[in-house]
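The structure appears right after this line, and notes come after that.
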Amino acid sequence: MAIQSIDIKEFLKLAHGFPVFDVRSPSEFLHAHIPGAINLPLFSDEERAVVGTAYKQESRAYAIKKGLDFFGPKMRGIIETVEQILDKNPKNNSLHSGDTILLHCWRGGMRSAGVAWLLDLYGFKVCTLQGGYKIYRNWVREQFVSSYHINVLGGFTGAGKTILLRELEKRGEKIIDLEGLASHKGSAFGKIGMPDQPSQVMFENLLAFELFNKSSSGQKIWMEDESQRIGHVNVPKTFWLTLNTSPVFFLDIPFEERLDHLVNEYGGLSKEQMVNAIIRIQKRLGGLETKNAINFLLENNTRESFSILLKYYDKSYNKSLQNKKNAKQLVYTIPFQKNGEDNVEHLVELVESMKHQGSRSENSES
């Protein structure tokens, strides 16, 4: 079989049906990778450093020989690892040599060429990515300057925006959960009980992957109204500008209802972690309010503590919402319904009526 070198568009198209193997070192992969890819490192981090040093201090030929010293003993193991992964991979129905696999390294150089040669020799159909992971990163950046049709779901803290997003998804709407991608709920307490956040680069990879897949149908994409910074990652500036010119559907949920929601969601978390979270925003919260919020928390009066914090976040979000109105960004209000399902129904009805109005406008102009 001949190894095929394919461009990024073809590579990502095939990735829907075949496994992707990333042959970079474990630390490179851990920092960021193509979503769904499997690490199949040609070299360990230490071995990669040795080969790199040999290349810089000696010569390319000497570096290749050093690389072969590491590669040779691993050949059988690499093949067997691929077979084991394919055996567990739902993308593959028949599991034998001859299966198609995709692989890449950093720049489409010697690492991917070496592993591709081995797997091709064994009988796999191998496709490598032209330009490697570096080209993929160029593709990621391109996604953030593309044009998208987005509806932004807004509302003060505790309005249950993420819950409503999930309900919309159940009804067939396209959604992107920024907080889920960032592994952070956006507030001072946002990191508590969540997995470790991805690196900035990995967050961008995940977001680009979602945008590419969710926009292909031509449907509107629903996203929650977020600050540009979510924990320690940032929404890319170019895409942030798109979000800030998209229509906002504002959930008008009363203060007490939102407070109930926050007490239920965060009330059982570690007091030590919650106190540390309050301390992190004390400069913005103010000394007295910080002290009161912590004291109420330590006295097991979670509701009063959260009431102080919620008033702070309401002030902050109100400024953001006012900026959107001043920028003539469309803001539609969804009146509060006691039953959360009714909020979904009202939102869906509003969106449908807007679609019909748009259709009538187009027909009257034609």
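Every number in this text was worked out from the coordinates using simple rules, so none of it is lab data. Model, not experiment: these values are computed from the prediction. Note that each Cβ is placed from the backbone with ideal geometry, even for glycine, and that neighbours are counted across all protein chains shown.
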Practice item. Provide the gained length on full extension for the span Lys170 to Thr100, in nm with one decimal, where the gain is 0.36 nm per separating residue minus the Cα-Cα distance. Key: 21.9 nm
**Study point:** Candidates Leu241, Leu129, Leu153: whichever shows maximal mean-square fluctuation once the chain is modelled as a Gaussian network with Cα springs under 10 Å
**Key:** Leu241
Practice item. Quote to one decimal, in nm, the extra length available between Gln322 and Thr53 on full extension: 0.36 nm per residue of separation minus the C-alpha distance between them. Key: 91.3 nm
Revision key, fill the gap. Output ordering of 205-212, 30-37 (per-residue mean of other Cβ within 10 Å, highest first) is 205-212, 30-37
Check your understanding: So which residue, out of Gly114, Gly17, Gly72, gets the largest mean-square fluctuation from a GNM of the chain using Cα contacts under 10 Å as springs?
Key -> Gly72
Exercise for review: Enumerate the calculated ³J(HN,Hα) couplings along region 288-296 in order (Karplus 6.51 cos²θ - 1.76 cosθ + 1.60, θ = phi - 60°), each rounded to whole Hz, writing x wherever the residue is Gly or Pro.
Suggested key: 5, 5, 4, 4, 5, 4, 5, 4, 4
Check your understanding: aspartates and glutamates near Lys191 by alpha-carbon distance under 16 Å, same-chain residues fewer than 8 away left out - which ones?
Key -> Asp177, Glu179, Glu226, Glu265, Glu272
Check your understanding: Out of (1) 34, 23, 19; (2) 51, 22, 18; (3) 46, 28, 18, which label holds the value of semi-axes √(5λ) of the Cα gyration tensor in Å that was computed here?
Key -> (3)
Review point. Of the peptides 155-165, 75-85, 52-62, how do they stack up when ordered by the mean number of other Cβ atoms within 10 Å, highest first?
Key: 155-165, 75-85, 52-62
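At R0 = 30 Å, how high is the FRET efficiency between Phe255 and Ser147 if r is their beta carbon distance? Nearest 0.05 is fine. Walk me through the numbers before you get to the answer.
On the way: r = 37 Å, r/R0 = 1.25.
Given R0 = 30 Å and the Cβ-Cβ separation, E is 0.20.
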